[in-house]
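Here the structure is laid out as structure tokens; the discussion comes afterwards.
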Amino acid sequence: MHKKEYQPLTIPQVTWNHQTLSTSFGEFNAEPLDPGFGITFGNALRRILLGGVEGSAVTAVIINGVNNEFSTLPGVVEDAMQVALNVKEIVIRNTTGKPGKMHLVVHGETIATVADIKADEHLELINKDHVLAHVAQGGTLEMEFFVEPGRGYQPAQWPIGQALQADNKIYLDAMFSPVRRVTFDVQKTRVGKNIDYDKLVLAVTTDGTESPVDVVHYAVSVLRTQLEHFLAQPEIPFNAIAGERGTERRAEQAVDVHEVASRELPVDLLLKPIDALEFSVRAHNCLINAGIKRIIDLVNLSEDEVLKIKNFGRKSYDEVKEGMKACGLTFGMNIKESSLKKTQDKD
């Protein structure tokens, strides 16, 4: 029985924009993708990021002196409802993923903020400037917070049939996800002569408790784990298939040094130091520090690899690209140095 040969899938490269990457915002490009895959992956990742990433939030609170969320608070400007709404905005990083408690006690005329809260050691408060209440002179505000881990949105877990709780606990609905916003765009990109491939650009904004890189990793793990259970047979090794065909494709796409010579480019130029291109001091130093010392080293880099160079911004990138273009060079030429030397020997 003959083994069936499968066509390879296009395996994308995922690159994060390090110029905009922070603890709460990140944007990545995934390209190339087979036609139609951009919108498929973008929708799936967005849905999981917004509703499937776990986090921690306050799910209940006890405010000393009141037994329901409609009460007024003596000595406090806000009523219990307003304070409860402010409590829901507390951003918490949970280092263990376990439940915990927090306490707040303030006296006298002051503004009670998240910074006044004393939390269990595995709970870290992020938005410490967030205002919880305004306490008047002679007033006191004492609260106990109950923190739980979860995923997505959870409505307030009021016990059925009990309007008032014996312990005066007020239950809150909670949004556990650390992801605040996800947007994506699908653009067209080129692979060889084919211009119909997809490029997925996805941007993630979090509340600061988790980094964009970590939440995307989590979302991909969730998606992959769930889809594994749809397999009826052993998984088709598309990564291995694509790796074998990709090696062949890269060999086919490598620029022949004779083709370089036919463009009237001096072969000797490619082996010269990058000083020959007379870049600015900043661009030159960034390339040297990254180990790019010769022109052949530079032209064999992809555009994504160049943008990942430390301190190498868009301005330097544009300058280098224009300088190379003036000499008939570009990124991603994949010129083999061994072939260059053979051509030199023949000459």
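The values are calculated or read from the model by the stated rules, or taken from the named source; none is laboratory data. Because the structure is predicted, anything quoted here is derived from the model rather than measured. Cβ: placed from backbone, ideal geometry, glycine included. Neighbour counts: every protein chain shown. Just the protein is used for accessible areas: all its heavy atoms, side chains included, with ligands, DNA and RNA removed. Shrake-Rupley method; radii C 1.70, N 1.55, O 1.52, S 1.80 Å.
Here is how the numbers come out for the structure above:
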quantity	calculated
Difference of contour (0.36 nm per residue) and Cα-Cα distance, residue 64 to residue 157	31.5 nm
Shape category assigned to segment 1-126 from the gyration tensor of Cα positions, a/c cut at 1.5	prolate
Efficiency of FRET from Cβ geometry, residue 11 and residue 325, R₀ 25 Å, rounded to 0.05	0.30
For the chain, accessible area per residue (1.4 Å probe, heavy atoms of protein chains only), Å²	59 Å²
Gain on full stretching of the segment that runs from residue 278 to residue 140 - 0.36 nm per residue minus C-alpha separation	42.7 nm
Spin-label zone in segment 182-215 - amide nitrogen under 11 Å from a point set 7 Å from the Cα of residue 39 along the C-beta vector	186
Distance between modelled label sites at residue 225 and residue 308, nm, 7 Å Cα→Cβ extension	2.7 nm
Cβ-defined net charge surrounding residue 272, 12 Å radius [Lys, Arg +1; Asp, Glu -1]	-2
Solvent-accessible area, 1.4 Å probe, carbon plus sulfur percent, for the chain	50 percent
Which label in (1) 25.1; (2) 21.4; (3) 22.0 gives the computed Kirkwood radius over Cα pairs in Å	(1)
nm² value of the averaged projected area, convex hull over the Cα atoms of segment 82-189	10.2 nm²
Stretch gain in nm, segment residue 122-residue 318, where the contour uses 0.36 nm per residue and the Cα spacing is subtracted	65.9 nm
Rounded to the nearest 20 debye, dipole of segment 41-119 from Cβ charges on Lys, Arg, Asp, Glu	540 debye
Amide H contacts of residue 73 (H built 1.01 Å from N, under 5 Å, at least 5 apart or other chain)	80
Relative contact order of segment 1-157, pairs being alpha-carbon contacts under 8 Å that are 6 or more residues apart, as %	25 percent
Relative contact order [Cα under 8 Å, 6+ residues apart], the chain, whole percent	20 percent
Under the span-like rule (Cα at least 20 Å along the axis, Kyte-Doolittle mean at least 0.0), DSSP H helices of the chain	37-51, 212-228
Relative contact order (%) - segment 1-65, alpha-carbon pairs under 8 angstrom, separation at least six	24 percent
